[in-house]
Structure formats: structure tokens, C-alpha cells
Amino acid sequence: MTRVEAPPPPPVSEFFDSNAYPGETAQTAVTVSTLTQTARDVIEGAFVPIWVRGEITDFKSHRNGHWYFCMRDRGSQIKCVVWNRDQRSIPAPPDDGMQIAAYGRLTVYPTRGEMQFAITRLEAEGDGLRRKALEITRAKLEADGLLDPARKRPLPRHPRVIAVVTSLDGAALHDIVAVVRRRAAGVRIVAVPASVQGDNAREEICYALDQVNRWGKADIVIVGRGGGAHEDLSAFNDERVARAVAACAAPTISAVGHEIDISICDLVADHRAPTPSAAAETATRTRAELRSELRDLSSRVTAATQSLIGGGDQILRRLGREVATNASSHVLHRHASVKQLAARLHALSPLATLARGYAIARSDGGATLSSTDAFAKGMAFDLVVRDGVVSARTEGVEKSA
Amino acid sequence: MTFEERLARLEAIAAELEGDDLELARALALFEEGIENLRAASEELAQADVRVQKLVERVDGTFRTVDASE
């Protein structure tokens, strides 16, 4: 009996060879999407995020908010992207030609089948990005006229209330208080607390400046902090902080405590001081300076009055000296003497001089006649005495030798 | 009047006294005013205290200052 062979199993389709892995044969070819997506999975799995350095070319800020560019060196290039959400930690978009170090993850962009380096941190050689960010902010403020030298207001000569926007536990406040104590009299320092570094610094400085404005009693506002590293000063390079400084009702001194770099705050403030101590010195005159200012004014007032009254009366000259002495050191430290002296000055004033028996000769026109040259025989004139005016006539004129 | 205003006023008084064609009565009045301003300014300068305070905002948006404990 012939054994009837069982028929062979029908071939699975020509296109589905169960023994071949996907893509091994034409029959098992994978789709393009499978290829690129697999490539992506493999590359992403093979690389941890790393720093890569190179030069930037073809930078484009797309209207979808993402940045696209190439990084290259002499032999190779790689396409790069910085997603919108990752740009916040980067001070400014880089420019073509910048040498950068970028931190990111290598991936594949399936749609184009291209390798792509997705960057989350970016640093330019020579701190280029931070400088560029400063330039951008500066340009904006300049466009709004906030850097115009004509905006700069003079400081009051003798402020009574100095508001200090800074951290309560920082060195800045301490330094300012020490300097003001040494120099100035009758000054109130009002600290307005704000963090000066860290994530909240911008908001807190803006808020403190706003408080000072709403309070409205400061004659001068010092905003600043002691020295520190670059990162620590970033709040003072912030556009909003700069605008808050510009919006201050009272004249401002920026004291960001960095001798070398000028912060945006420094540019906007009415005055810039390299350190908080220097700000306190700018804000206050020493007593000696103010004294000498008063002395000069008193000399001018008395000298001018004396020359108006005319004649050989030495009293006013003496008076001028005494007012000058009044403004000098020992008297100023002793209230009682000042008052006493003021009483004496009053007694020595020209009115009091008349009371003591002096008279002032005056022409019809009211001019003081202080020289024989002003008289002619027969000329009528007035004598101003303590309690009125006497009409007089010139009998003769004789010049003293 | 603030110290600033007094200095400015003194400046103006000095300038006017130094000018020409001044009525005597006016000159005397200016002098008196000048002396008064000098006296007041000197007194203000003699106040030696420096106060250190902290600005505190109340819930209703008004402010008070409290002495800072250094």
C-alpha cells in the first residue's frame, strides 16, 4: 500500500518568513519610521547627557520658539536644538561663530532621520552669553530712555532719611551704617529687606523698591549688596530690577559691590558706587564739608550786607568772622553756644546797629551814600535812624586825608 | 524748611545782596533772614544721632519703622 504523503504545509506567504528577523530579507523589510525610531532608542540609550564643545553656525530662532543651529569643528558637525522650555537657564541666544560648550542628549529626529543634539545648558567662551544678555537688556533700557544722562538726579546735600534696599544680614547694611555713623549727623537709615541673591532676589528687590515708593519718606535710596561672584550679582542685571530702580521717586545710588563690572542697576541709578561703603559716602557729606559750606555762605551774606551799608563800621566784618566761627567745629557740637551766638548775631545786625546810634545816609533815590563823593554842597538827603527818617541838607564836604 | 532748602535760600540771599540797586530796607530784611537760616542750619547740623530702622508694611498697606536691633 502506498503511503499517501501528507501534503506539505502551505508556505506562509512569501512576504512573511517566520524565521527571518525584521529587516533581514526584502520580505521582512521594516518601515522608515521603525528604522529612525529604533535608531533614536538605541542612541538615546547609548549616550548619557554630555558636554560637547564646538563652534556655532546657522543659528536660527524659529517662530515656534525653539532655537536651531549646528555645532562644528574642523571635521564634523552636528545639528542642535534648544527647546523653548530649556532656554530659560541660558542668558541669551548664542551667535554664529561663538565657541560654546553645550550640555545635552544625543538623539535622532525621526521626521528627518537626522541625528540631533538636544541642548539644555550652554556656555560661551569668555562669558559671551552673559555679556550678550547684558547688551540686550541695556539696549532695551536705552531705547526707553532710561540710560539718558539727563535723567540723573542730583543727591540732596543733607538727606535725613536714607532707605537701604538690601539683605538684612548682609555686609552691605553693616558697612553703610558704619560709614554714616562716622560722617553724618541727624540721619535715619531705614533698611528695606530683600534677598540679593538666589531665585527670589529679583522679585524681592522690585517689591522692596516699590515699598520705598509707597512709603514716600526716603530722601535717598541705596540699593545693593556686598561683593560676590557673577551669579550672585545677576539680580542687579535684571531688566525688571533696573526698571524698578528707574521708577524710584527719590534719587538712587546703586552699590552692587563689584569694582570691575558695571551692573545694569548701576547704569540706571542716579549714582553708582563701587561698594556699599562708597555709596554711604556719596550719600552723606561730612560735617566738616557742610560746616565749610555754611561758613562760605555766612561770609558772603555778611560781606555783601556790609558793603551795602557802607562806611567804616567794623562790626559787620567782625560779625562775618563770628558767623564763620559759629559754623566751625566746637560750636556745632554745643547747641547752647550756637543759640547764644545767634542771639549775639541778632544784636549785632544792621538794625541793631541803628538802634545803638548809627545812622545811614540815603539819597532821594534810596541809594546809600557811603562816600564824600556822593555828596555835593546843598544836596538834600535822608538820614535813616532807629525810629525813622530825617531830612537833611549838605552844608559842606570834606574828604578825610 | 529742610537743610537743603535753607542752603538754597542762603545762596539766593547772598546772590541778591551781592547784586546792584538793592533797597536798604530790603537788604536789611535779607540779612535778618540770612542770619536766621544760618542759625537754623547750624542747629540741624549739630544733631549728632544716627538711627537705624527697618521698614515694616502693615496688612493695610501703611508703613511703620521699627528700630533695628543691631
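None of A:Ala208, A:Ala191 is farther than 28 Å from A:Arg131 by Cβ and at pLDDT 90 or above except A:Ala191.
Picking from residues in the range B:1-31 that are of a type in the set (Gly, Ala, Ser) and closer than 18 Å to A:Ser292 by Cβ, the one that is nearest to the other protein chains (Cβ to nearest Cβ) is B:Ala14. Of all residues in the range B:1-59, those that are in a loop (DSSP other than H, G, I, E, B) and modelled with pLDDT under 85 total 10. Answer with yes or no whether A:Thr137 is of a type in the set (Val, Ile, Thr) and part of a loop (DSSP other than H, G, I, E, B). Considered against the rule, which asks whether it is of a type in the set (Val, Ile, Thr) and part of a loop (DSSP other than H, G, I, E, B), A:Thr137 comes out as no. Go through the residues of the range A:232-245 one by one and say whether even a single one is within 13 Å of chain B (Cβ to nearest Cβ), crowded, with 19+ Cβ neighbours inside 10 Å, modelled with pLDDT of 90 or more and out of contact with any Ser or Thr (no Cβ under 6 Å at 6 or more places or on another chain). Checked the range A:232-245: no residue is within 13 Å of chain B (Cβ to nearest Cβ), crowded, with 19+ Cβ neighbours inside 10 Å, modelled with pLDDT of 90 or more and out of contact with any Ser or Thr (no Cβ under 6 Å at 6 or more places or on another chain). Among the residues of the range A:34-59, those that are within 22 Å of A:Gly128 (Cα to Cα) and either surrounded by 12 or more Cβ atoms within 10 Å (Cβ to Cβ) or among the aromatic types (Phe, Trp, Tyr) (or both) comprise A:Trp51, A:Val52, A:Arg53, A:Gly54, A:Glu55, A:Ile56, A:Thr57, A:Asp58, A:Phe59. Scanning the range A:187-219 for residues that are more than 9 Å from chain B (Cβ to nearest Cβ) and in contact with an Asp or Glu (Cβ under 9 Å, 6 or more places away or on another chain) yields A:Ala194, A:Ser195, A:Val196, A:Gln197, A:Gly198, A:Ala201, A:Arg202, A:Ile205, A:Cys206.
Across the range A:273-295, the number of residues qualifying as touching a residue at least 24 places away in the same chain (Cβ under 8 Å), closer than 17 Å to A:Ser263 by Cα and in a loop (DSSP other than H, G, I, E, B) comes to 1.
Here's a check for you: in the range B:32-52, which residue that is crowded, with 17+ Cβ neighbours inside 10 Å and polar (S, T, N, Q) is nearest to the other protein chains (Cβ to nearest Cβ)? Once the filter is applied, the top-ranked residue is B:Ser42. The residues of the range A:95-138 that are in the same structural domain as A:Thr36 (by TED's automatic domain parsing) and touching an Asp or Glu at 6+ places or on another chain (Cβ under 6 Å), listed by number, are A:Gln99, A:Ala101, A:Thr107, A:Thr120. Here A:Ile253 clears all of (1) more than 23 Å from A:Val177 (Cβ to Cβ); (2) crowded, with 24+ Cβ neighbours inside 10 Å except the condition numbered (1). Among the residues of the range A:90-119, those that are surrounded by fewer than 17 Cβ atoms within 10 Å (Cβ to Cβ) and assigned to a strand (DSSP E or B) comprise A:Gln99, A:Ala101, A:Tyr103, A:Arg105, A:Tyr109, A:Glu114, A:Met115. Residues of the range A:263-272 that are in a loop (DSSP other than H, G, I, E, B) and closer than 14 Å to A:Lys152 by Cβ: A:Ala269, A:Asp270. All of A:Thr302, A:Thr275, A:Thr284 fail the test of being within 14 Å of chain B (Cβ to nearest Cβ) and more than 18 Å from A:Pro154 (Cβ to Cβ), apart from A:Thr302.
Scoring A:Val187 on the criteria (1) surrounded by 21 or more Cβ atoms within 10 Å (Cβ to Cβ); (2) under 15 Å from A:Thr252 (Cα atoms) leaves a single failure, condition (2).
The values are calculated or read from the model by the stated rules, or taken from the named source; none is laboratory data. As the structure is a computational prediction, the values presented were derived from the model and not from experiment. Quick reminder, even Gly has a Cβ in these numbers, built from the backbone with ideal geometry, and neighbours come from all protein chains shown.
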